[in-house]
Amino acid sequence: MTDLYRLLPEEMEQLVVDMGYPRYRADQILLPLYYKFPKELDDIPQLPKRLREELTATGYTIGSAKEIHRVVSNDGDTTKLLLGMTDNSSVETVLMQYEPAVIGGHPRSTVCVSTQIGCAMGCVFCATGQMGFETNLKAEHIVSQVIHFAEMLQQRDEHITNLVFMGMGEPMANYDEMIRAVKILTHDRGFGLGQRHVTVSTIGIRSGIKRLAEEDLQIGLAISLHAPNDKLRRKLVPTASPNSVEEIIQDGRDYFKKTGRRVTFEYALMAGINDSPEIATELAKLLRGNGSHVNLIPINPTAGDFERPHENNVLEFKQILSDAGVNCTIRVEKGTEISAACGQLRTDLATQS
Ligand code: SAH
Ligand code: SF4
């Protein structure tokens, strides 16, 4: 069985040509797939019946995700779904909506997709890391997460504006499937989202960052740093040992040089662990002068015993970075009370939220 959501538009074209049909038949499949969300081939009536039958007979399907569970935050801005995939796996995915910048405008709707079930990186503060690694998601299952929300939003006359690879898993540890999904979702004959509206977040897998820089894509990169030195970082990210902080920062600079896209360093702030003014000063020294952007994320509660720093400490930390000329923002968290925020995704707990 091959899910048509797995195919790049060029591959779809090749498929219909190999079956003896003209190229334009590919667009007659692609357009409905990404704008009308059919559930089966017979939902595409403009396609000749014979082609539909041949596709089915050769094992092509449309593998839509099924909603198993939905939780919506009190303010209605965050929706977390547990989706069942065609291979019977289930995965969490989140939609975050932000007020329109102008009256009457469309809200910003960001989908936070998962690339793996669980994660092997074992970050001590992350619920996904603590559940361990289960499996890599296929590209079609990454795409399905977006399609599911796209269909939901279409019913409200809204659409997805941004995509972040910040759900469950480490995108670079599932590089081939992740990048296939990125290409399908940003292809102008696929889902068609602007490359600049897509961000991939990584714990700092160097080979992945280098490969991404070579892709000739305009997508954003976020590197989860969390500490200004290796000693502290290895405590928080136990699998970080092969990559030093210096090397990861250098990779970020190289990515910027190659793509022109600025890299964001994510920094989850934990009270008494990595939030002191001394550590802020060390981080500022490391990052100043190279145009980096730091996104501070006051830690979200998980099963671990890490606590969110007091707001004043967060502001002081930010001030130290800003004073050193390091561009810095504090992430506005969404969906914490429904366990849909950064680091809180964990399949086995989803149905209890
Ligand atoms: N594996 C990738 C992408 C998924 S995690 C990565 O680590 O970058 C997405 C972001 O959520 C990362 O910056 C991660 O550090 C952050 N995160 C993980 N656990 C968190 C928690 N408990 N509170 C706040 N942010 C967390
Ligand atoms: Fe994996 Fe990212 Fe969580 Fe670390 S923070 S365990 S890399 S998902």
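The values are calculated or read from the model by the stated rules, or taken from the named source; none is laboratory data. This is a predicted model, so every value here is computed, not measured. Cβ sites come from the backbone with ideal geometry, for glycine too, and all protein chains shown count toward neighbours. These area figures cover heavy atoms from the full protein model, side chains too; ligands, DNA and RNA do not enter into them. Shrake-Rupley method; radii C 1.70, N 1.55, O 1.52, S 1.80 Å.
Label positions at Leu8 and Ala57, each projected 7 Å from the Cα along the C-beta direction, are separated by 3.0 nm.
Enumerate the aspartates and glutamates that Lys235 could reach by cross-link, defined here as Cα to Cα under 20 Å, with residues fewer than 8 away along the same chain left out. Within reach: Glu170, Glu246, Glu247, Glu266, Asp275, Glu278, Glu282, Asp305, Glu307. Taking the 1.4 Å solvent-accessible surface of the stretch 197-298 as the whole, the part contributed by carbon and sulfur is 50%. Round to the nearest 0.05 the FRET efficiency obtained for Leu315 and Asn229 when R0 = 25 Å and r is the Cβ-Cβ distance. Step by step, r from the Cβ atoms, then E = 0.60.
The lysines within cross-link reach of Lys66, meaning a Cα-to-Cα straight distance under 18 Å and a gap of 8 or more places when in the same chain, are Lys36, Lys39, Lys80, Lys138. Each residue of the stretch 118-124 is assigned a 3J(HN,Hα), and the resulting list reads x, 7, 8, 7, x, 3, 5 Hz, derived from the Karplus form 6.51 cos²θ - 1.76 cosθ + 1.60 (θ = phi - 60°), x at Gly and Pro. Using R0 = 56 Å, the C-beta based FRET efficiency linking Gln154 and Thr281 works out to 0.70. The Cβ shell under 9 Å around Gly84 holds other residues with a net charge of 0, Lys and Arg each +1, Asp and Glu each -1. When you restrict to C-alpha pairs under 8 Å that are six or more residues apart and normalise by the size of the stretch 2-61, the relative contact order lands at 36 percent. From most to least packed by mean Cβ count within 10 Å, the peptides 118-129, 23-34 give 118-129, 23-34. Helix content alone sets the calculated 222 nm mean residue ellipticity of the chain: runs of n ≥ 4 DSSP H residues at -39500 (n - 2.57) each, divided across all residues, give -10000 deg cm²/dmol.
Modelled label positions at His106 and Gln250, each set 7 Å beyond Cα in the direction of Cβ, lie 4.3 nm from each other. Placing R0 at 22 angstrom, the Cβ-Cβ distance between Arg50 and Val17 gives a FRET efficiency of 0.90 after rounding to 0.05. Heavy atoms of the protein chains alone define the surface here; on that basis the chain has 44 Å² accessible area per residue at 1.4 Å probe size. Just report the Cα centroid separation between the stretch 85-138 and the stretch 12-78, whole Å. If we compute the Cα centre of each part, the gap is 23 Å. Distance between the 7 Å Cα→Cβ label points at Lys258 and Asp87: 2.7 nm. Split the accessible area of the stretch 2-61 by element, probe 1.4 Å, and carbon with sulfur accounts for 53%. With contacts taken as Cα pairs under 8 Å at a separation of at least 6 residues, the chain carries a relative contact order of 15 percent. Normalising by residue count, the chain has a Cα convex hull of 141 Å³ per residue.
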